[in-house]
Amino acid sequence: MVQKGFVAVFEKTLDRALISECVASWLERFEKVEQVIPKTEGTLEVKEPSEIMWEPHMQFRVTNGDQFSWVYVSLDKLAMETTGFQDAEISFCLEVLLELPCVAEVVDEKNQRRLDELEKAGII
């Protein structure tokens, strides 16, 4: 399978409240949300936003059936990144970014020109 990824740029900084809203959105729309346990390789299921283990850099796995996406998010940044596999229709790693609050732009990982612009601007 072909790997795929996207970067979502938000209108405001990803603080605890906004990240909690994103996790709540995933919990409503998809079967399972897990968070990688800090300093280990294990994951723990997140059943509500209050269970998030707050770290400067966090990694989540969102699953729906046999589809999954990794989500990488850092506190006080303007962007989050996803990776997964390309599907015949919409890639699940894109679907997890749709309907999130305050998303200003979603950039395909193949759009190197735009990613370079975002990096120069300090967004990613």
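The values are calculated or read from the model by the stated rules, or taken from the named source; none is laboratory data. This structure is a prediction, so every number in the text was calculated from the model and none was measured. FYI the Cβ positions are ideal-geometry reconstructions off the backbone, even for glycines, and counts take in every protein chain you see. What goes into the accessible areas is simple: the full protein's heavy atoms, side chains included, and nothing from ligands, DNA or RNA. Shrake-Rupley method; radii C 1.70, N 1.55, O 1.52, S 1.80 Å.
Numbers at a glance
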read-out: Dipole magnitude of the chain about its Cα centre (Cβ charges: Lys, Arg +1; Asp, Glu -1), debye to nearest 20; value: 260
read-out: Amide hydrogen neighbours beyond the local backbone of Ile37, cut-off 5 Å, H modeled; value: Gly42, Thr43, Leu44
read-out: Inter-probe distance in nm under a simple model that places probes 7 Å from Cα toward Cβ, at Gln86 and Glu41; value: 2.8
read-out: Computed Kirkwood radius, in angstrom, where 1/r is averaged over Cα pairs of the chain; value: 14.6
read-out: The stretch 1-78, accessible area per residue, ligands and nucleic acids excluded (1.4 Å, Å²); value: 55
read-out: The stretch 14-28 - phi-based ³J(HN,Hα) in whole Hz, Karplus 6.51/-1.76/1.60, Gly and Pro as x; value: 6, 9, 4, 5, 5, 4, 4, 5, 5, 4, 4, 4, 5, 5, 6
